[in-house]
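The values are calculated or read from the model by the stated rules, or taken from the named source; none is laboratory data. Predicted, not measured: the structure shown is a model, and the values here were computed from it. As a convention, Cβ positions derive from the backbone with ideal geometry for all residues, glycine included, and neighbour counts pool all protein chains shown. Accessible surface areas use protein heavy atoms only, side chains included; no ligands, DNA or RNA. Shrake-Rupley method; radii C 1.70, N 1.55, O 1.52, S 1.80 Å.
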Amino acid sequence: MSGGPNDAEDHLADMGFVLCELSAHDTDTDHAARLWTAEAQPPRGLWFMWTRISDHMVLHRFVTLTLCPYWKVGEEDSRDWCNFYEDHPDLHQFHVRDPLRDLLHKRTRLEAEQRFFEKDPAEGDGDES
């Protein structure tokens, strides 16, 4: 993919699994996980899409899709981009709350901190909430 990472194979090898990033949606809508975003204008992402068609069969595909152009102004004039694909169903990314994704992001941050600072991730980050 033009504008994608130079080490695509290594990038994908680090992903043990993917999660659907969309909010709750009907069964006619594919699940979608963005693998990376190319450094191009307009920004395009490589997406892994999948749909369960029976108890024993899942169809999947890789597609490149332009990212949703919607953004909102946050604190101090910062911009929050949607980061889903253009014409996605339902809510924009910054309105979707997924407790499992939040826990995985926290774990990833702790592992990165451990590698960078050589700390034990079990010690936590001081956030007891």
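Just a few scattered comments:
- Positive minus negative residues near HIS60 (Lys, Arg vs Asp, Glu; Cβ under 13 Å): +1
- The string of couplings for region 89-95 from the Karplus curve (6.51, -1.76, 1.60, θ = phi - 60°) is x, 6, 6, 6, 3, 6, 9 Hz, one whole number per residue in order, with x for Gly and Pro.
- If R0 is 30 Å, the Cβ-Cβ spacing of ARG109 and GLU86 corresponds to a FRET efficiency of close to 0.55.
- Accessible heavy-atom area order of ARG44, ARG61, ARG97, highest first, probe of 1.4 Å: ARG97, ARG61, ARG44
- Taking 0.36 nm per residue of sequence separation and removing the Cα-Cα distance, the VAL18/ARG101 pair yields an extension gain of 28.9 nm.
- Centre separation in Å (Cα based) which lies between region 93-110 and region 35-68: 20 Å
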